[in-house]
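Student: Sharing a structure, written as structure tokens. Questions coming.
The values are calculated or read from the model by the stated rules, or taken from the named source; none is laboratory data. Since the model is a prediction, treat every value here as computed from it, not as a measurement. Methodologically, a virtual Cβ is constructed for each residue, glycine included, from the backbone with ideal geometry; neighbour enumeration extends over all protein chains shown.
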Amino acid sequence: MPMAASGGTYRWHRTRRSLRATAGAARCSDQHLPVPQSLMSCFTDFDAILQTASVGDSATRPIYLDAQSTTPVDPRVLDAMLPFLTNQYGNPHSKTHAYGWESEAAVETARAHIGALIGADAKEMILTSGATESNNMSLKGVARFYGAKKKHVITTQTEHKCVLDSARKLQEEGFEVTYLPVQSNGLISMQELEAALRPDTCVVSIMAVNNEIGVIQPLAEIGALLKTKGAQLAKSAGLSGKPLFHTDAAQAVGKIELDVDKMGIDLMSLSSHKIYGPKGVGACYVRRRPRVRMEPLINGGGQERGLRSGTLAPHLVVGFGEAARLAKVEMKYDHAHISYLADRLKTRLLGAIDHVLINGDEASHYPGCTNLSFQYVEGESLLMALKDICLSSGSACTSASLEPSYVLRALGLDDENAHSSLRFGIGRFTTQEEVDYVAEKIIKVVERLREMSPLYEMVQEGIDLKTIQWSG
Ligand SMILES: Cc1ncc(COP(=O)(O)O)c(C=O)c1O
């Protein structure tokens, strides 16, 4: 593990958690960076929070339980990336010299690791800037290519914003979009999907793991339905092909087993920074046999099979490749570790606090994303009282607004229960000590906030809140 240079003033800051990842690495003590005088005024409250929060003996930063928002770069990933930020700076598209060749070779190795994680051939992986871009290109690119004859798109009400906004854009262009509702457990109904299919459905986009509630959609069943019923419908109208199946797997890749062939998936969006890789890179799986066609969103030098022009960033791609390789090798270990911690957290919280709702199906569920509503407590007030714990009261992308989460609303939660929810994102580097600290802190804070809640007092007195006529 290299120490970053520059006259010994900067040391790589490693916590006890990141150390776990590098076997045999020498332990170095936590050390703060010296802050130049000129920058002192930039540091506000954030700095104070980051400095003072502590758990156990060595941590100096808040506890991070927001693994759906992003994950830290695994030190082994950083090790793999560094040569491509220093000596090995060739453009992977330069064909005439060794600098280009070595970058190209590294990119292709990474591409193979990324493909292997989902049972795909390296040639089917189009490198992008992340899942947002992959989702945009899958929906818009495919719909625009097949749009002359097929004008219908199906997606769900609980997709990530970038899928929903791409679908809205297609509506403006004249496409018809069905936004499938979900059941109260967050799963789609296969009957409703079947009923929504039309002869002119060009693409069905259904996410693999939901980023707010961790629910896993039945991908293999969806893939099979599109191959049978979807193909029959198209054929009956004299149209070729079946509806293409796209899945946003940003929260699923590297966490649950995925196989594009077994699941009948034609397009898949992947993101590096959700699996301990760097931010700003991702991929789109695009099936070659039978070939999926799409209109590129970015035109230029014809890189990435002409579907995504632009010079690749080898350091990011290599980091993503290493993160994918590690995720494949360690998936079982990670899953067991994360399941254990999620169970421990949930058991402690549900055992000590009454009136807690578990949001999302408990069986078809990725344990690293646990969403609970602490009834009669405002999620935002809870977050304010938990300054030394970083978690989210909804999707990271919408938590800036005080609107209740549209995902929780789609499950049928009322505004109050949606507002009282917290998402616990547990990852590879989360420790038992952290989870225990979080549980005890939440128990205390919920108790304190409920002491101030007239609603909770009324519930304790046996009053059914639904029977109350509120004035004003
Ligand atoms: C389900 C889902 N899709 C897409 C994205 C966007 O991914 P990226 O940050 O790689 O653009 C996210 C990130 O929050 C996500 O959770």
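Student: Among the listed residues V407, V377, V438, identify the single one that is within 16 Å of the ligand (Cβ to nearest atom) and in the same structural domain as K346 (by TED's automatic domain parsing).
Tutor: V407
Student: Next question. Name the single residue, out of those in segment 274-289 being outside any loop (DSSP other than H, G, I, E, B) and of a type outside the set (K, R), that is farthest from the ligand (Cβ to nearest atom).
Tutor: V286
Student: Can you report the number of residues in segment 291-308 which are of a type outside the set (V, I, T) and under 25 Å from the mean Cα position of the chain (by Cα)?
Tutor: 6
Student: A further question on this structure: Please tell me if R344 is among the charged types (D, E, K, R), in contact (Cβ under 8 Å) with a residue 40 or more places away in the chain and within 13 Å of F424 (Cα to Cα).
Tutor: yes
Student: Could you tell me how many of the residues in segment 139-149 are surrounded by 24 or more Cβ atoms within 10 Å (Cβ to Cβ) and either in contact with a helix residue (DSSP H, G or I) (Cβ under 8 Å, 6 or more places away or on another chain) or farther than 18 Å from T247 by Cβ (or both)?
Tutor: Adding up the residues that qualify gives 2.
Residues are listed down the side, and each one gets a yes or a no for (1) touching a residue at least 24 places away in the same chain (Cβ under 8 Å); (2) surrounded by fewer than 22 Cβ atoms within 10 Å (Cβ to Cβ); (3) away from the ligand (no atom under 15 Å from the Cβ):
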residue: Q251; (1), (2), (3): yes, no, no
residue: I256; (1), (2), (3): yes, yes, no
residue: M268; (1), (2), (3): yes, no, no
residue: K328; (1), (2), (3): yes, yes, yes
residue: K332; (1), (2), (3): no, yes, yes
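Student: Considering every residue within segment 218-233, establish whether at least one is buried (at least 17 other Cβ atoms within 10 Å of the Cβ) and closer than 22 Å to R428 by Cα.
Tutor: no
Student: Working only within segment 93-145, note down all residues that are away from the ligand (no atom under 16 Å from the Cβ), acidic (D, E) and under 22 Å from G254 (Cα atoms).
Tutor: E108, D121, E124, listed by residue number.
Student: Would you pick out the residues in segment 417-437 that are more than 22 Å from the chain's Cα centre (by Cα) and β-branched (V, I, T)?
Tutor: none
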